[in-house]
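What follows is calculated from the coordinates using simple rules that are stated; it is not laboratory data. Just so it is clear, the model here is predicted, and its values are computed rather than measured. Heads up, the Cβs are rebuilt from the backbone with ideal geometry, glycines too, and the neighbour counts pull from every protein chain shown.
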Amino acid sequence: MAAGVLGLALATSITTLQRSFLSLDSARNIETACRIMQCELEKERLFTWTQVSDLAYVPAIDSALLADPAVAGRFSLSRSVLTLADHSGRLLQITVTVSWRNYDGRTLQRSLSTYFGNNGLTSFLNPQI
């Protein structure tokens, strides 16, 4: 009887351990995805209006992040630009998305959005500028 109880306890603990490793991997990947997205948006904040509105621009993961073998080849970065119609084409919504495969093989993704104004964001808050 004791061996049966011990076997059940071990089986349960192994399943719990596997789920905890999956959660740990997910947390690491989400943190890495956030760093990749923040790095890309910081680069784009330095762009001119012509550069940021260029739909042919293809973002790349920063080389400092790619130096980590856990990142290289596992994460992909994409970008979409939406021109907001109610601002006469002078305000863009930029969304960067990072995708990766999780520990259990599922594909996950996270997105981050920001706005970019032709004359700065304050020109939309104060039309007299």
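The residue list 8, 70, 85 was ranked by how far each Cα lies along the charge dipole of the chain toward its positive end, using unit charges on Cβ atoms, and 8 comes out on top. Once you've got the GNM for the chain with C-alpha springs shorter than 10 Å, pick whichever of 25, 86, 54 has the biggest mean-square fluctuation. Comparing 25, 86, 54 in a Gaussian network model of the chain, the most mobile one is 86. As a calculated quantity, the FRET efficiency between residue 51 and residue 72 at R0 = 22 Å, using C-beta atoms, amounts to about 0.25. With springs only between Cα atoms under 10 Å apart, run a GNM on the chain and tell me which of 30, 14, 61 wobbles the most. Fluctuation is largest for 14.
Residues of region 61-101 falling in the label zone of residue 24, defined by backbone nitrogen less than 17 Å from a point 7 Å along Cα to beta-carbon, are 70. Taking the longest Cα principal axis of the chain as reference, the axis of helix 2-45 is set at about 10 degrees.
Mind telling me which of 83, 15, 97 comes out most flexible in a GNM of the chain, alpha-carbon contacts under 10 Å? Of the options given, 15 has the highest mean-square fluctuation.
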